[in-house]
Amino acid sequence: MITHLRGLLAHKAPTRAVVEVGGVGYELSISLATYDGLPAAGSTVQILAHTHAREDQLALFGFLQEEEREMFRLLIGISGIGPNLALTILSGLSVDDLARAIQEERAGDLTRVRGIGPRTAQRVVVDLKDRIRRPSRTGPEAPQAAGSDDLVDEAMLALEALGFAGPTARKALEAVRSRLGEGEASVQALIKGALRER
């Protein structure tokens, strides 16, 4: 099992990263939180990994923080939540926000993430309430410096990779961008907001 990779960050996108180690490129599926913390492509990076093996597929999931990997592993241990849905949850809510929602039994916070219905949200709360640590307090996220259209295009790619249809993704992103305003919009904020749009 691969537990971490240290090497050259050959490519990064909101839903995946490629780390080159010894001439071999390893593709990892990642959350928005991990994407936001990655350095520029071409930099040296260490990414924690979770190896997910099925009969027909071997997939790697990458994380910058151990807390996020732990939460991912807890989520995929719940019936009905696979690794892709777990990443969607971690893209829609920070680890601290998710932990707080679970501990305070606020299942409604989870239903704002696309793909999570009331039953699944309640199952997450019931299954994990006694298994997670108290979340730490973190500061506000810093918006990324980039042109508005570039942000929307990058967010569109991420949403399409998460299963959104193009027109639906574009409509959700435009709604979120108008609500946030130009100064507050970042790729991560746009995608999080779009995941909560109905």
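The values are calculated or read from the model by the stated rules, or taken from the named source; none is laboratory data. No experiment lies behind these values; they were computed from the predicted model shown. Don't worry about glycine lacking a Cβ; one is built from the backbone with ideal geometry, like all the others, and counts go over all protein chains shown. Note: accessible area is taken over every heavy atom of the protein model, side chains too, but ligands, DNA and RNA are not part of it. Shrake-Rupley method; radii C 1.70, N 1.55, O 1.52, S 1.80 Å.
The residue that is least open to solvent (accessible area, probe 1.4 Å), counting only those in the stretch 1-31 that are under 18 Å from Q57 (Cβ atoms) and in a loop (DSSP other than H, G, I, E, B), is T15.
For the stretch 99-128, the set of residues classified as touching a residue at least 40 places away in the same chain (Cβ under 8 Å) and β-branched (V, I, T) consists of V113, T120, V124, listed by residue number. Return yes or no: is V45 open to solvent by 20 Å² or more (accessible area, probe 1.4 Å) and not charged (D, E, K, R)? Against the criterion (open to solvent by 20 Å² or more (accessible area, probe 1.4 Å) and not charged (D, E, K, R)), V45 does not qualify.
If you go through the stretch 47-70 and keep only what is more than 13 Å from the chain's Cα centre (by Cα) and part of a strand (DSSP E or B), you end up with I47, L48, A49, H50, T51, H52, A53, R54, Q57, L58, A59, L60. Taking first residues from the stretch 1-30 that are in contact (Cβ under 8 Å) with a residue 40 or more places away in the chain and partners that are part of a strand (DSSP E or B) and aromatic (F, W, Y), the Cβ contacts under 7 Å between residues at least 6 apart in sequence or on separate chains come to L5/Y26; V19/Y26; S29/F61. All of T34, T120 fail the test of being out of contact with any His (no Cβ under 7 Å at 6 or more places or on another chain), surrounded by 21 or more Cβ atoms within 10 Å (Cβ to Cβ) and assigned to a helix (DSSP H, G or I), apart from T34.
Quick check on D153: is it among the charged types (D, E, K, R), at pLDDT 70 or above and either over 15 Å from Q188 (Cα atoms) or outside any helix (DSSP H, G or I) (or both)? Spell out how you get there, then give the answer.
On the way: among the charged types (D, E, K, R): yes; at pLDDT 70 or above: yes; either over 15 Å from Q188 (Cα atoms) or outside any helix (DSSP H, G or I) (or both): no.
Against the criterion (among the charged types (D, E, K, R), at pLDDT 70 or above and either over 15 Å from Q188 (Cα atoms) or outside any helix (DSSP H, G or I) (or both)), D153 does not qualify.
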